[in-house]
Amino acid sequence: MRIVPLALAAAALPALWPAEAAAAPAAQVGAGASVVRYNTALVPEGATARAFTTSVTGTLTTLSVRGLLPGREYGAHVHTKPCGAAPNDSGPHYQHVPDPVQPSTDPAYANPRNEIWLDFTTSANGSGFAVSRVDWTYGDRLPGSVVIHETHTHTDPGHAGTAGGRLACLNLDFGPR
């Protein structure tokens, strides 16, 4: 068995997706994309993040980060709106079946089968990587961003889907819509 560094694995994921992926909605945050930082203590100057999401026969999303605090747990989720000046501008979590009550904390809706959860723990050098694969596609309702949160995602009733404060945000660019 060959072990592939995380950076190479992340770069290879789009190439491993089926050929029809070229026609499916795909979003990527490139190397030049800016990260909106809301908490500079937990997302220091110079921290970088990249995200890739595609929706073909299901939805595959990856997130890789560098320059965060070492050995720390972070949560991350796909959100409905693009990043803005204020942390809440990115809206709620993107849900395949939207919870009629927002913010959603009902485990029937706020769960990793109905949302895209990308929790990660950084390595000793502050790098991290996460992958989410769900069986549904975005359809016409495309998400706007990936938000990095303060803690791993909670699953208990009344707190399901919560992960603390919004620390940083990356816009997802699906190209012309």
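A short reminder: the numbers here are calculations on the coordinates, not readings from a lab. None of the values given here were measured: they were computed from a predicted structure. So basically every Cβ, Gly included, is an ideal-geometry build from the backbone, and we count neighbours across all protein chains shown.
Observations
- Residues with amide H under 5 Å from that of residue 84, placed H, sequence gap 5 or more: 89, 90
- For segment 38-140, the orientation-averaged shadow of the C-alpha convex hull comes to 7.0 nm² (one quarter of the hull surface).
- The order of the peptides 150-159, 83-92 by mean Cβ neighbours within 10 Å, most packed first, is 83-92, 150-159.
- Net length gained if the chain between residue 125 and residue 150 were fully extended (0.36 nm per residue, minus Cα distance): 7.2 nm
- Between the amide H of residue 167 and those of 148, 149, 150, distances stay under 5 Å, these residues lying 5 or more places away or on another chain, with hydrogens modeled in the peptide plane.
- Fraction of alpha-carbon pairs over 15 Å apart in segment 35-94 - percent: 60 percent
- Per-residue ³J(HN,Hα) for segment 48-59, Karplus 6.51 cos²θ - 1.76 cosθ + 1.60, θ = phi - 60°, Hz, x for Gly and Pro: 10, 8, 9, 9, 9, 9, 9, 10, 10, 9, x, 10
- Förster radius 30 Å - calculated FRET efficiency between residue 69 and residue 174, Cβ distance, rounded to 0.05: 0.45
- Over segment 106-177: Kirkwood hydrodynamic radius from C-alpha pairwise inverse distances, Å: 13.9 Å
- Based on Cα contacts under 8 Å between residues 6+ apart, segment 121-177 shows a relative contact order of 29 percent.
- Linear extension gain, residue 39 paired with residue 141, 0.36 nm per residue minus alpha-carbon span: 33.8 nm
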